[in-house]
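Student: One structure is given below, represented as structure tokens, and several questions about it will come after.
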Amino acid sequence: MAETAALVNGYTVTPVDKDTWRITDIFQDYMYLVQGKERAALIDTGMGQPGLSRVVSALTDRPVIVLNTHGHLDHVGCNQEFDTIYMHPSDREVLGQHRSQAYREKIRSLAGDAGLVLTEEELQSIICLGDQSEPRPLQDCQMIELGGRKLEVIHTPGHTGGSVCFLDEDARQLFSGDTICHLGVMLSFPESVPVSGFADTVRKLKARERQIEKIYPGHHAVPLDCGYFDQYLECAARLLNDPEGGTAEHSVFDDFYRYFYKDVSLTYKTVE
Ligand SMILES: [Zn+2]
């Protein structure tokens, strides 16, 4: 299908196939709406740009559940606009940290850079969970039934301990969040797992590669092919053999190292 992007309520909507859409917020975070016959799953909710639920209801008339790939603020920002949220329990702590006022202020400033002025009410609602005190748990191998379509939860610790990917085996689509991305995967957070653990995760995904034609990540180039598994495995192997081989990077929040290989890179603090 030819990709024709449309602007809906300030979000960019790009069809993936007749029952799947990629939704992009102004911060260039990707969400995916995966529709079955009985309900639809929204994979991630972006940075908190208000009005995502109206975009979703313009695309599907089915009940919607939210599936978070992990607990970072640029994937959970509009959770409060939906009733039913699922996330792996290992990311509860980082989700709690990202609900703090300091993170909301960061979002306000990023929104301002992107030309969006958030009202105080909108800012306060970002990364809240409505009536739910905690998201419902996801676990490895769980099947999410959507009616004639299902998503398998694959626990993929790396970027965070509670990161998951979602596999639609029939459509051969893997929704990978920040676990597999073009350019790089960040393993430099306190909530990240060691490089060796990330390599185990990529091996787990590579074991499924015959069931995957296209990978739909949370950022950057899309879609990706399974060659990215090999690039990340090689990048991790080289890094484990050459812990001094990374380049120092500094951001306003953090200092870390980045190890490059072909189209990918891994950020890290120490190599284990
Ligand atoms: Zn993340």
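The values are calculated or read from the model by the stated rules, or taken from the named source; none is laboratory data. Source: prediction; values computed, not measured. Counting neighbours? That spans all protein chains shown, and the Cβs are built from the backbone with ideal geometry, glycine included. Accessible surface areas use protein heavy atoms only, side chains included; no ligands, DNA or RNA. Shrake-Rupley method; radii C 1.70, N 1.55, O 1.52, S 1.80 Å.
Student: State the percentage of accessible surface on the range 1-133 attributable to carbon and sulfur atoms; use a 1.4 Å probe and exclude ligands, DNA and RNA. Could the numbers behind the result be given before it?
Tutor: Working: 2830 of 5720 Å².
Here carbon and sulfur together make up 50 percent of the probe-accessible area.
Student: Would you please classify the overall shape of the range 1-138 from the alpha carbon gyration tensor, given that a ≥ b ≥ c denote the square roots of the eigenvalues, rounded means a/c under 1.5, and beyond that prolate means a/b larger than b/c while oblate covers the rest?
Tutor: Working: a/c = 1.93, a/b = 1.21, b/c = 1.59.
It is oblate, given that a/c is not under 1.5 and a/b is not larger than b/c.
Student: While we're on this one: At R0 = 35 Å, how high is the FRET efficiency between Ser196 and Ser251 if r is their beta carbon distance? Nearest 0.05 is fine. It would help to have the intermediate numbers written out before the result.
Tutor: Numbers: r = 25 Å, r/R0 = 0.70.
Efficiency for this residue pair is about 0.90.
Student: Within the range 33-63, whose backbone N sits under 18 Å from a point 7 Å along Cα→Cβ of Met143?
Tutor: Backbone N within reach: 35-41.
Student: Still on this structure: What does the charge count around Asp74 come to, taking other residues whose C-beta lies under 11 Å from its C-beta (Lys +1, Arg +1, Asp -1, Glu -1)?
Tutor: Working: positive: Lys106; negative: Asp25, Asp29, Asp44, Asp178.
For residues surrounding Asp74, the net value is -3.
Student: May I pose another question? Counting Lys and Arg as +1 and Asp and Glu as -1, what is the net charge of the other residues whose Cβ lies under 11 Å from the Cβ of Ala111? Display every interim value, and only then the final one.
Tutor: On the way: positive: Arg104, Lys106, Arg108; negative: Asp25, Glu105, Asp113, Glu122.
Neighbour charge sum, excluding Ala111 itself: -1.
Student: Let me ask something additional. Near the amide H of Ser163, under 5 Å away, which other amide H atoms are found, from residues 5 or more places off or on another chain, if H is placed in the peptide plane?
Tutor: Thr156, Gly158
Student: Could I ask something else about it? Please list, in order along the range 107-123, the HN-Hα scalar couplings obtained from phi with the Karplus expression 6.51 cos²θ - 1.76 cosθ + 1.60 (θ = phi - 60°), rounded to whole Hz, x for Gly and Pro.
Tutor: 5, 4, 6, 5, 4, x, 4, 8, x, 10, 9, 8, 6, 4, 5, 4, 4
Student: While we're looking at this one, here's another question. Between Glu105 and Arg54, what is 0.36 nm times their sequence separation minus the Cα-Cα distance? Round to one decimal in nm. Kindly include the intermediate steps, with their values, before the conclusion.
Tutor: Numbers: separation 51, 0.36 × 51 = 18.36 nm, distance 2.42 nm.
That works out to 15.9 nm of additional length.
Student: What do you get for chymotrypsin sites (Phe, Trp or Tyr not before Pro) in the range 210-272 restricted to DSSP loop and a cutoff of at most 10 other Cβ within 10 Å of the site's Cβ? Don't jump to the answer; show the numbers that get you there.
Tutor: On the way: sites: Tyr228, Phe229, Tyr232, Phe253, Phe256, Tyr257, Tyr259, Phe260, Tyr261, Tyr268; in loops: Phe253.
Sparse-neighbourhood loop chymotrypsin sites (Phe, Trp or Tyr not before Pro): Phe253.
Student: Leu138's amide H: which non-local residues (gap 5+, or another chain) put their own amide H closer than 5 Å, with H modeled 1.01 Å from N in plane and none for Pro or chain starts?
Tutor: Met87, His88
Student: Same structure, new question: Under the Karplus relation 6.51 cos²θ - 1.76 cosθ + 1.60, θ = phi - 60°, what is the ordered set of whole-Hz ³J(HN,Hα) values for the range 159-169, x standing for Gly and Pro?
Tutor: Per residue, the Karplus-derived 3J(HN,Hα) values read 3, 9, x, x, 5, 9, 10, 10, 10, 9, 5 Hz.
Student: A follow-up question, please. Taking the Cα centre of each part, how many Å lie between the range 30-86 and the range 212-272?
Tutor: Cα centroid to Cα centroid, the span is 27 Å.
Student: Here is a follow-up. Using the Karplus equation 6.51 cos²θ - 1.76 cosθ + 1.60 (θ = phi - 60°), what ³J(HN,Hα) coupling, rounded to whole Hz, does each residue of the range 51-59 give in order, writing x for Gly and Pro?
Tutor: Residue by residue, the range 51-59 yields x, 5, 5, 6, 5, 5, 6, 6, 9 Hz.
Student: Hey, another quick one. For the chain, what is the mean residue ellipticity at 222 nm derived from helices alone (per DSSP H run of n ≥ 4: -39500 (n - 2.57); sum divided by total residues; nearest 500 deg cm²/dmol)? Each step should come with its number before you reach the end.
Tutor: On the way: 7 runs with 65 residues, N = 272.
After summing the helix terms and dividing by residue count, I get -7000 deg cm²/dmol.
Student: Where does the chain land on Rg/Rh, using Cα atoms and the Kirkwood Rh?
Tutor: Details: Rg = 17.8 Å, Rh = 18.8 Å.
Using only Cα positions, Rg/Rh for the chain is 0.95.
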